[in-house]
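Some notes on the structure that comes next.
Since every read-out is calculated from the coordinates, none of them should be taken as a lab result. Because the structure is predicted, anything quoted here is derived from the model rather than measured.
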Amino acid sequence: MMIRRHNKTARQGTASNSSETGSAFFYILLAVVLFGTLSFTVARSMRGGQINALSDRKAELAASEILDGAQKIQHAIDYLRTNGCSENDISMETPDGLNVNPASPVDESCHIFSPKGGNIIWNTPQTGVENNNVWRASSHSHISNIGTTKAELILYLPSINKSVCEKINKSANIIRDTIPSENGYAFNGEWDGSFNDGSPHFISCDGVSPAGACNNKTFACIESDVSNAPHENYIFYYVLIER
């Protein structure tokens, strides 16, 4: 009788051990599944953060490229004016025939994009510019609180990507939630050596907060309410000659 009771107790012990082993295995398996899910979520989150950071970095590089290109053109104009070219002699003529200045010397000594003049290689920023737009020049407008009230020679680039536009404005110390907007033809026609001093369009961006966001800004990225080829979407401008 004692032997039977011993065997029964042994069987109960074996069953109990098996149950405990099964429960432990279940918890281990559950932990593995939960850990895998957590790892996947964290990895996906990290990848998303890296993509956003890369996009932000690309916008900064594009803004830097645009500003660098504009500064090179300005330096070339300063060089030409130092060497005898008047503001009316400067030619911004492009290989595509934009901005022809008939008053510019025929020897191209006052041409920005000629090896005989400013020796600047004509190119268009590869990133941050949409619809294959190119550099343009205008003498139609005056930037408020810069120089006199005469029109400036202004370099501009239409169809700037919004995120790049925001980076440019950050460099111009225009810190705001929205991009400044300007009413009317801020940039009109192509540079031909003459200035619209009689009735220049004043660029100030007064219709936004803070008022006059473009005042005294030699460069900025703005939004125009005029829809045509030279005014499409967001526009980068850069004052080449203050007057």
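In the stretch 62-241, the DSSP beta bridges split such that about 70 percent are antiparallel, to the nearest 5. Between the C-alpha center of the stretch 84-140 and that of the stretch 159-224 there is a gap of 21 Å. Summarising the overall dimensions of the stretch 62-241 from its C-alpha atoms, the Rg and Dmax are 15.4, 48 angstrom. Pairs exceeding a 18 Å alpha-carbon distance, out of Lys150/Lys170; Lys72/Lys150; Lys58/Lys170; Lys116/Lys150; Lys167/Lys217: Lys150/Lys170; Lys72/Lys150; Lys116/Lys150.
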